[in-house]
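Undergrad: Got a structure here, written out as structure tokens. Questions coming.
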Amino acid sequence: MIIPIVGNAAELSSSLIVAYKDHVDLSMAIAAGSSIQVVTFVAPVLVLSSFFFTQHLDLVFQPLELALPGLATILFTFVSLDGKSTWLEGMQLLAVYVMACVVFFLIPG
């Protein structure tokens, strides 16, 4: 949860600045690109770097670990389809992120 936020701090800040200047479409494109970057680069790097530690990571995910990013992707698609954004849609995206953090924190093992 922390690595994607810290690792993509530049994208996050530029997305916020662009959204403040009322270019929400560009802001959402930056956010989507940042998410794709985490999935395609950061996750495999963490798996490869785990070989140097005692507990190894793998790319075998539990069904819940696949369902939550899928839900977030579907929600992001519905939010971005109409080309407009409201505060409620933003709050929904934040709520999905918070729920995912809580669920991943509470998963046993």
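Undergrad: Can we say Leu64 is surrounded by 11 or more Cβ atoms within 10 Å (Cβ to Cβ), more than 22 Å from Ala9 (Cα to Cα), in contact (Cβ under 8 Å) with a residue 12 or more places away in the chain and out of contact with any Pro (no Cβ under 8 Å at 6 or more places or on another chain)?
TA: yes
Undergrad: Restricting to segment 46-90, count the residues that are polar (S, T, N, Q), under 23 Å from Ile30 (Cα atoms) and part of a helix (DSSP H, G or I).
TA: Number satisfying all stated conditions: 3.
Undergrad: Would you tally the residues in segment 1-24 being modelled with pLDDT under 80 and of a type in the set (D, E, K, R)?
TA: Selection size over segment 1-24: 0.
Undergrad: Mind checking which pairs have a first residue in segment 50-61 that is surrounded by 10 or more Cβ atoms within 10 Å (Cβ to Cβ) and a second that is not in a helix (DSSP H, G or I), Cβ under 6 Å, 6 or more apart or different chains?
TA: Ser50/His56; Ser50/Leu57
Undergrad: Another question, if that's okay. On the given criteria, is Leu93 not in a helix (DSSP H, G or I) and not aromatic (Phe, Trp, Tyr)?
TA: no
The values are calculated or read from the model by the stated rules, or taken from the named source; none is laboratory data. On a predicted model such as this, the values are computed, not experimentally measured, just so you know. Note: ideal-geometry Cβ built from the backbone for every residue, glycine included; neighbour counts use all protein chains shown.
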